[in-house]
Amino acid sequence: MSTTTTQPRLAPLQAPFEPAVAERLARWMPPGAAVEPLALFRTLYLHPALADRMRPLGAGILGAGATVPLRLRELMIDRTCALAGAEYEWGVHAAAFGEAAGLDARRLRATVHGGHREPCWDEEQACVLRLAEELHETSTISDELWEQLRGRFEETQLIELIVTAGWYHVIAYLCNGLRVAPEEWAARFPPA
């Protein structure tokens, strides 16, 4: 797993923001967020047109209209980010959603250093983690896993899980490629 220990390649925008930028950044954050807009978002807004086009997909994955339950969504995100070495995004999700998703320290550690075979997962959770692993390793899904997934999830959820894995690969490329500095409040990868 890689960690972000070097300077960011692009400096994120800093407050005070232009009013239009402040409004756009606020849309990326949860309502009433007690922290400033994430460094990732402030970096994305160096290219505001692209950031504006990206936001609806991110909001769709995390928002109220999502079809995948919170815990399974966060398992997909955490495992995908861990596999891609995206400590920044893993840490944001572990800190912001881990407790609400019922992911204690042992389970969060397993998303980084374990995998779908860890005994802390039930069958449905293990299927989601295996999906993250297969997509990361092969960019496809084995027939065996597909049959297991079809027995547990609706078609809309299957599509959403696959899109979530792909989206968080994009986010991992941004975080790692641009060396986005970790948020002070975010979690870090646990030691092996």
Handout entry: Carbon plus sulfur fraction of accessible area for the chain, probe 1.4 Å, in percent
Key = 55 percent
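Relative contact order, percent, of the chain when contacts are C-alpha pairs under 8 Å separated by at least 6 residues? Walk me through the numbers on the way to the answer.
Numbers: 219 pairs, mean separation 66.5, N = 192.
After rounding, I find 35 percent.
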Exercise for the section: Treat every Asp and Glu Cβ in the chain as -1 and every Lys and Arg Cβ as +1, leave all other atoms uncharged, and give the resulting dipole magnitude about the Cα centre to the nearest 20 debye. Expected result: 540 debye
Problem - Local net charge near residue 63, Cβ-Cβ under 13 Å (Lys/Arg +1, Asp/Glu -1) - result: +2
Exercise for the section: Would you work out which of 25, 44, 102 lies farthest towards the positive end of the dipole of region 1-115, given +1 charges on the beta-carbon of Lys and Arg and -1 on that of Asp and Glu, about the Cα centre? Expected result: 102
Exercise for the section: Could you please state, rounded to a whole Å, how far the C-alpha centre of region 86-110 is from the C-alpha centre of region 173-190? Expected result: 13 Å
Practice task
Give me the angle, in degrees from 0 to 90, between the Cα long axis of helix 123-138 and the longest principal axis of the Cα atoms of the chain, rounded to the nearest 10.
Solution key: 70 degrees
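Where in region 73-141 are there trypsin sites (Lys or Arg not before Pro) that are in a DSSP coil and have at most 14 other Cβ atoms within 10 angstrom of their Cβ? Walk me through the numbers before you get to the answer.
Details: sites: 73, 79, 106, 107, 109, 117, 130; in loops: 117.
Those that pass, being in a loop and sparsely packed, are 117.
Only sites in a loop by DSSP and with at most 14 other Cβ atoms within 10 Å count here; which trypsin sites (Lys or Arg not before Pro) in region 1-54 make the cut?
Hits after loop and neighbour filter: 9.
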Practice task
Compute the signed sum of charges (Lys and Arg +1, Asp and Glu -1) over the other residues within less than 9 Å, Cβ to Cβ, of residue 83.
Solution key: -1
Problem - Exposed GluC sites (Glu not before Pro) absent - longest run of the chain, DSSP non-H/G/I/E/B, at most 14 other C-beta within 10 Å - result: 1-98
Completion exercise
Reduced to Cα centres, the span from region 122-166 to region 1-57 in Å works out to 30 Å
Exercise for the section: Only Lys, Arg, Asp and Glu count, each charged at its Cβ (+1, +1, -1, -1), so figure out the dipole size of region 95-140 about its Cα centre, rounded to 20 debye. Expected result: 180 debye
Practice task
In square nanometres and to one decimal, what's the mean projected area of the convex hull around the Cα atoms of region 1-142?
Solution key: 9.9 nm²
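The values are calculated or read from the model by the stated rules, or taken from the named source; none is laboratory data. Quick caveat, the model's predicted, so the values are computed rather than measured. Heads up, the Cβs are rebuilt from the backbone with ideal geometry, glycines too, and the neighbour counts pull from every protein chain shown. For accessibility, only protein heavy atoms count, side chains too; no ligands or nucleic acids. Shrake-Rupley method; radii C 1.70, N 1.55, O 1.52, S 1.80 Å.
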